[in-house]
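The values are calculated or read from the model by the stated rules, or taken from the named source; none is laboratory data. Small disclaimer: the values here were computed from a predicted structure and weren't measured. Methodologically, a virtual Cβ is constructed for each residue, glycine included, from the backbone with ideal geometry; neighbour enumeration extends over all protein chains shown.
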């Protein structure tokens, strides 16, 4: 797999273009380069199949709107995953609990409002 081709495809799938890229670098933003420099760095081939991960796990492509692409991995198979910009909703319910109560309650809503979470 060519990482540059994979990245361009992921950018397109996220409904962005290269012009929307703020930087390519580490998720903690301590390392970063503009897209014009990143194209040269990303133009490498790697094995995206199962085995061991070959691309830096904290590599991101950050967009000007606050969304970003992040690396995901399962058993060595790796790919880009899009994370949309975080937007604070206008109305929110309060909560008091954050600790999991069972293996089936992993979400805040399930922990705090168990009856509502299962209702449709």
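Across the stretch 68-118, the qualifying residues are those that are assigned to a loop (DSSP other than H, G, I, E, B) and closer than 30 Å to residue 47 by Cβ, and the one among them that is modelled with the lowest pLDDT is 76.
Being over 30 Å from residue 109 (Cα atoms) and part of a strand (DSSP E or B) holds for only one residue in 24, 41, and it is 24.
Okay, residues lined up against (1) surrounded by fewer than 16 Cβ atoms within 10 Å (Cβ to Cβ); (2) closer than 19 Å to residue 5 by Cα; (3) outside the structural domain of residue 9 (by TED's automatic domain parsing); (4) touching a strand residue (DSSP E or B) at 6+ places or on another chain (Cβ under 9 Å):
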residue: 20; (1), (2), (3), (4): no, yes, no, yes
residue: 26; (1), (2), (3), (4): yes, no, no, yes
residue: 32; (1), (2), (3), (4): yes, no, no, yes
residue: 37; (1), (2), (3), (4): yes, yes, no, yes
residue: 55; (1), (2), (3), (4): no, yes, no, yes
residue: 73; (1), (2), (3), (4): yes, yes, no, yes
residue: 102; (1), (2), (3), (4): yes, no, yes, no
residue: 113; (1), (2), (3), (4): yes, no, yes, no
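Which members of the stretch 44-63 meet the condition of being part of a loop (DSSP other than H, G, I, E, B) and over 15 Å from the mean Cα position of the chain (by Cα)? Selection gives 44, 46, 47, 48, 49, 50, 51, 52, 53, 54.
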